[in-house]
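Chemist: Below is the structure I would like to discuss, written out as structure tokens.
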Amino acid sequence: MDMIRQRFSLKFKFGALKLAIERGVSIAQFCRELERAVSVLRSWMREAALALVRVAAGGMGATS
């Protein structure tokens, strides 16, 4: 089976993280529901944190 790498926008990633937080479910449970590896969500969390730091510093971190 060929694996196709999907790309998600920052807006989608932020939305997914927000939903996970609002629902209060574990990262593992949320990843099972999204059918994604835990490492993917953790990567999104790092990316979101960096984007927020850039925005707070006056940069352009929350685009795309």
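The values are calculated or read from the model by the stated rules, or taken from the named source; none is laboratory data. What you are looking at is a predicted structure, and each value in this text was computed from that prediction instead of being measured. Cβ coordinates were reconstructed from backbone atoms using ideal geometry, including for glycine residues, and neighbour counts include every protein chain displayed. Note: accessible area is taken over every heavy atom of the protein model, side chains too, but ligands, DNA and RNA are not part of it. Shrake-Rupley method; radii C 1.70, N 1.55, O 1.52, S 1.80 Å.
Chemist: Once neighbouring chains are kept in place and the probe is 1.4 Å, which whole percent of the accessible area of the chain is contributed by carbon and sulfur?
Modeler: About 59 percent, which is the carbon plus sulfur part of the accessible surface.
Chemist: Using the heavy atoms of the protein chains alone and a 1.4 angstrom probe, what is the accessible area of the chain per residue in square angstrom?
Modeler: I get 80 Å² per residue for the chain.
Chemist: Oh, and also: Expressed in nm to one decimal, what extension gain is obtained for the pair Val25 and Lys11 from 0.36 nm per residue of sequence separation less their Cα-Cα distance?
Modeler: The Val25-Lys11 span can extend by a further 3.0 nm.
Chemist: Further, regarding this structure: If we sort 22-29, 42-49, 7-14 on the protection proxy, mean other Cβ atoms within 10 Å, highest first, what's the order?
Modeler: Values: 22-29: 10.5, 42-49: 14.1, 7-14: 12.5.
Sorting 22-29, 42-49, 7-14 by mean packing, highest first, produces 42-49, 7-14, 22-29.
Chemist: To the nearest 20 debye, what charge dipole does the chain have about its Cα centre, counting +1 at the Cβ of each Lys and Arg and -1 at the Cβ of each Asp and Glu?
Modeler: Using only the charged Cβ atoms, the result is roughly 120 debye.
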